[in-house]
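Bear in mind these aren't lab numbers, they're just calculated from the coordinates by the rules spelled out. What you see is a predicted model; the values in this text were computed from it and never measured. Cβ atoms come from the backbone with ideal geometry, glycine included; neighbour counts cover every protein chain shown.
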Amino acid sequence: MTKMIHSYWAYIVLLILIIAVVNAVIGLSTKKEFKAKDIRISLFTLITAHIQLIIGFFAYFNSTYFTSMQAHGMGEVMKNSILRKHLVEHPIMILIAIALITIGFSKHKKKDTDYSKFKTIAIYYSIALVLILAVIPWHSWFSN
């Protein structure tokens, strides 16, 4: 059940993150004013990503992959590409991506100009998006 919630919530996070990146790039390229709507989009992205992280922790520790790691040890996990992807690569990269979203949101608040606010969000959220897209277990998404 937790894995299903984690998978469906991921669609929401991905959609909102894409919206935030596109909004920041448009704001950056058109040099528009950074308004309350832009803050809300960035904040909502931050919140949904953190909710996904919490759901992900529950899914991780309740997964059959985690049980397998406990039974066979980390050495076997690192030898098995599927287990390594689910137990090591995916969680670490997602943690880094969510940290980048958090840092980007925090740093944008300290910027003085609208341009620099959009630029900060665009850079940090774009890198996070690339990392997330790189480690999504696509085969799991499309086999459900």
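Residue pairs whose Cβ atoms lie under 6 Å apart, sitting 6 or more positions apart in sequence or on different chains, and linking a residue in the stretch 36-54 that is in contact (Cβ under 8 Å) with a residue 60 or more places away in the chain to a partner that is surrounded by 13 or more Cβ atoms within 10 Å (Cβ to Cβ) and among the small types (Gly, Ala, Ser), are SER42/ALA20; THR45/ALA20. Criterion applied to ALA122, ALA59 was being over 30 Å from GLU33 (Cβ atoms), of a type in the set (Gly, Ala, Ser), out of contact with any Asp or Glu (no Cβ under 8 Å at 6 or more places or on another chain) and surrounded by 18 or more Cβ atoms within 10 Å (Cβ to Cβ), and the one residue passing it is ALA59. So, SER63, is that one farther than 14 Å from ALA10 by Cα and touching a residue at least 40 places away in the same chain (Cβ under 8 Å) or not? Criteria met by SER63. Counting the residues of the stretch 63-92 that are within 19 Å of the chain's Cα centre (by Cα), surrounded by 13 or more Cβ atoms within 10 Å (Cβ to Cβ) and among the hydrophobic types (A, V, I, L, M, F, W, C) gives 2.
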